[in-house]
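What follows is calculated from the coordinates using simple rules that are stated; it is not laboratory data. Treat the numbers as computed from the prediction; the structure is a model and nothing was measured. Ideal geometry is used to build each Cβ from the backbone, glycine not excepted, and the neighbour counts take in all protein chains shown.
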Amino acid sequence: MEAIAREEMYQLNSWSERTAAEQQVEATSTNLAEDTRGELRPAYEIIQRQVGHLACGDLVVEPVLGEVRVVHVAEFGYDEVRHQRQLQVHWATDDGLSTAARLFPADSMVGVRVPALADRQAIRRGIDLAHYHRRDIDADTARTIAAQLQRGPGSALYAFAVSGAVSDRLYEELDEVMLRRSPTVRRWVDALAGYCLGRETEASGSPEMPGQASEPPCWLSSRTALLQMGRSPSCEQ
């Protein structure tokens, strides 16, 4: 996420000028704070990104559906009237059970939710400390990662951030997140997966070497809605 500083930022100061996307993510943060009784209040930022620069795994704040994960971007012809390339963006809804698609001019702008600096720093410290001590990340770091990766109250990552619940759907959502192929995101996903697998190991009573962190699986499989669409996990256009 360090490359975020190089992204074009679109931040408005007064309440009257704030975008609907900014209000949406603030509501998400407030909901998480209420659902966790104040234990967790993630900090988000909104950047404006051209549709032609969207990548698989980006979390777009869509006006109707809310926070959705991009799973595929495809060329969809050329608008001869407006002289613009058309792109079709496919995304998964927060419950992960359905997908939607929408046409955009390639140069149109959409709001993308990204972690705020304070949370990025906190997660990095938590992962670095766990690596130094050769153990899994702590619960607070794991929940903060989930809160940053979740895409709404219907998602398994949201449920984990609130209650620590680990489910098969959570791992599938991590697969979807990894479509982004960002080194920083991969580090976050590996750390969270290792924590969850470590908990499952403890619950099953399986032995583990002292001080050895759980090894997460490879998170580049595409066993999500993308496969149901019969498409490649690539967002190459």
- Note on the structure: By Cβ neighbour count within 10 Å, fewest first, Glu200, Glu22 rank Glu200, Glu22
- Message: Which order do the peptides 187-194, 23-30 come out in when sorted by mean C-beta neighbours inside 10 angstrom, highest first?
- Response: 187-194, 23-30
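When ranked by the protection proxy of mean other Cβ atoms within 10 Å per residue, highest first, what sequence do the peptides 103-111, 126-134 form? Kindly include the intermediate steps, with their values, before the conclusion.
On the way: 103-111: 16.7, 126-134: 14.0.
By packing density, highest mean first, the sequence is 103-111, 126-134.
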- Message: Need one number: nm distance between label points at Arg125 and Ser29, each 7 Å from Cα along Cα→Cβ, rounded to one decimal.
- Response: 1.8 nm
